[in-house]
1. Have a look at Tyr111, Ala182, Pro79 and report the one farthest towards the positive end of the charge dipole of the stretch 22-204, computed about the Cα centre with Cβ charges (Lys/Arg +1, Asp/Glu -1).
2. What is the list of residues in the stretch 357-398 whose amide nitrogen lies under 16 Å from a point 7 angstrom out from the Cα of Cys7, following Cα to Cβ?
3. Using a Förster radius of 25 Å, what is the FRET efficiency between Asp161 and Ile110 based on their Cβ-Cβ separation? Nearest 0.05, please.
4. Could you work out how far apart the two model spin labels at Ser71 and Arg334 are, taking each label as a point 7 Å from the Cα in the direction of the beta carbon, and quote it in nm?
5. Can you work out the FRET efficiency for the pair Asp368 and Arg126, with r the C-beta to C-beta distance and R0 = 22 Å, to the nearest 0.05?
6. What is the set of long-range amide H partners of Asp291 at a cut-off below 5 Å, with H atoms built 1.01 Å from backbone N?
7. Asp86 versus Ser143, label points 7 Å from Cα toward the beta carbon: distance in nm?
8. Tell me which trypsin sites (Lys or Arg not before Pro) from the stretch 35-139 have a DSSP coil assignment and no more than 14 other beta carbons within 10 Å of their own.
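Quick note: the coordinates plus some simple rules give every number you see, no bench work behind them. Just so it is clear, the model here is predicted, and its values are computed rather than measured. Cβ placement follows ideal geometry from the backbone for every residue including glycine, while neighbour counts extend to all protein chains displayed.
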Amino acid sequence: MTPMSACPAGPLNGLPAIPGDKSVSHRALLLAASAIGESRIHGLLEGDDVLATAAAVRALGCRAERDADGSWRVTGRGPGGLAEPDRVLDLGNSGTGARLLMGLVASQPIYTVITGDASLSSRPMRRVIEPLQRIGAAIWARSGDRLPLAMRGAEAPLPIDYTLPVASAQVKSAILLAGLNAPGRTVVIEPLPTRDHSERLLAHFGAEITVEPLPDGGRRIELTGQPELTARTVVVPADISSAAFPLVAALVIPGSQVTLEGIGVNPLRTGLLTTLREMGAAIEQRRPRDDGGEPICDLVVRAGPLQGVEVPASRVPSMIDEFPILAVAAACARGVTRMHGLAELRVKESDRLAAVAAGLAACGVGVDTGPDWLEVRGCDGPPPGGGVVTTHFDHRIAMAFLVLGLAAQAPVRIDDGTAIATSFPGFSGLMTALGAEIRVLATNN
């Protein structure tokens, strides 16, 4: 346990270096492992989650090494060429790593055992297991379709045509990765567009993939199996989900101005920016550009008053990871913010919906919640603070409430900040360099 606290801060200023995008980092490693030749990855996130995926790639017979300049070299084995691992693959806290890895090995005739920490082992895997079984994988999971699980990849994988029951980039990506080694065409229909990093990277590595918008707002993704994937250079953009924490801090702490460089602004990931602008946030995009198929830009953020808004359910896929920090912005805003369609938050690293509501209440913020909605009654300025927040080993809950402590009238303490390293190593140092005061506390405090 690493208890931490954040104290009310003066203006934040600076140009922080945001770590690489976690979603892109996982996918870059797995697709480089599936390509022929040596790929080079620049800007890879070196948090615990992604390093667990890198270790799994090595266990599957690929080279994955970090060079002195911080870039990574991955030598792939081509579609269908992975080696059977001689040990259990431990993905730690990473739901993305575990689910995408399941897809990658499902269509290869190898035996794999996948596990994770206590948090990951409590998360549902049925939504991934069912389509992978249709492709031909044999899967044995713990009760409740949870990790640890064992998989025997398909000897003769079948392409499938699959409609996602709920919008999920992880399930979509797992099916597409499995489809790499299946003959014919694998099709995924998604009810709402979800982040499309897998589709962009598959095309970057040479796969034949098409994306077609549907009249009902969904999308049809079609992948031609057994492609000749070729090693590529990948530049990972800075993670908008990580940038969200200093971004919101700069918005709600008076006098702040922060510039965030090279942030990935994939249009299927920018729901938070849309929502904050609706709330009146001063966020300026500069130097728009494209790198490796992903749009990026610099964001200049200035503090100012925010107004409560309605966040529609249709926006959830484009900001699924940002609701904890949005709730902090809402706590500082004037009026009520209502967020709809949040059922998926209950099956993330923690029950984020319950954790956010409990944390806000502990800090004196008015809040109501239901099965799939959250209502935050803003304080029209600094929230009271002074609470102790249980993080449930969830990195985004931990960082969100440390930001609340910076904006509050009294310090906020979190019970454990250990999980922050899974996605944002160096978070405390980065925020301190901007002018924040975040402390690690003695465990007997």
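1. Farthest towards the positive pole: Ala182.
2. Under 16 Å, as judged by backbone N against the label point of Cys7, lie 386-387 of the stretch 357-398.
3. On the way: r = 25 Å, r/R0 = 1.01.
Computed FRET efficiency for Asp161 and Ile110: 0.50.
4. Taking the simple label geometry, Ser71 and Arg334 are separated by 5.1 nm.
5. Working: r = 30 Å, r/R0 = 1.37.
Result of the calculation: an efficiency of 0.15.
6. Ile296
7. Placing both labels 7 Å beyond Cα along the Cβ direction yields 3.5 nm.
8. On the way: sites: Arg40, Arg58, Arg63, Arg66, Arg73, Arg77, Arg87, Arg99, Arg126, Arg127, Arg134; in loops: Arg87.
The qualifying sites are Arg87.
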